[in-house]
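Chemist: Just passing along the structure, written as structure tokens.
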Amino acid sequence: MSNANRHDIHVLNGLIGAALDSADGYRDAAGGSADPGHRELFQRRALERRALADALAAAVRELGGEPHADGSILAKAQRAFTDVKHALLRDELTVVGAVETAEDQVKARFEKAVDDPAISATTRETIRRAWDQIRDGHDQMRDLKHSLQGQRDAGSGLYPR
């Protein structure tokens with residue numbers, strides 16, 4: 001590995017971990033969702049995130065590095081907490097909210113990487129393309145969460161019908 005590529009490889013490997021964490025989170029959400037439409041959406045997003053991790057891994061190899069193959073311990077712990085919370089609350093909004101919160105963190109990591117002044121222009125473009133996909137997924141989860149919150153609030157009896 002060239003010394004010039006070391007920082008780019010480090011940043012890309014961090015993003016691979018984030019993408020894998022996201023894929024695992026979506027997979028877990030699919031297993032915890034009672035809604036068939038949400039389950040299908042989560043399964044599709046899990047596959048997309050895996051493909052994104054594979055694309056980032058290819059970029060690492062092109063730079064002469066060894067790509068990371070798994071996500072973070074912290075993300076695994078957060079998913080375990082979410083599993084317990086969902087088991088107690090048994091609520092679709094809890095599942096979607098947990099995914100959206102995790103996607104906030106993934107999106108922030110990609111934003112930070114895009115803004116990193118020390119990465120090469122080629123790596124920045126690779127990250128920017130990946131970030132577009134991450135942002136779209138995040139925004140979809142945010143909108144889904146708000147929709148479910150609105151449905152819950154509308155059915156709460158606090159709003160006139």
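Chemist: How big is the Rg/Rh ratio for region 110-157, C-alpha atoms only, Rh by Kirkwood, two decimals?
Modeler: Values: Rg = 16.9 Å, Rh = 12.7 Å.
With Rh from the inverse mean 1/r over Cα pairs, Rg/Rh is 1.33.
Chemist: Where does each of 48-56, 120-128 land if you order them by average Cβ count within 10 Å, highest first? Mind showing how you got there, number by number?
Modeler: On the way: 48-56: 19.4, 120-128: 16.4.
Averaged packing, sorted descending, gives the order 48-56, 120-128.
Read-outs: derived from the displayed coordinates by stated rules, not from any lab. Bear in mind that the values here come from a model prediction, so they are computed numbers and not experimental data. Methodologically, a virtual Cβ is constructed for each residue, glycine included, from the backbone with ideal geometry; neighbour enumeration extends over all protein chains shown.
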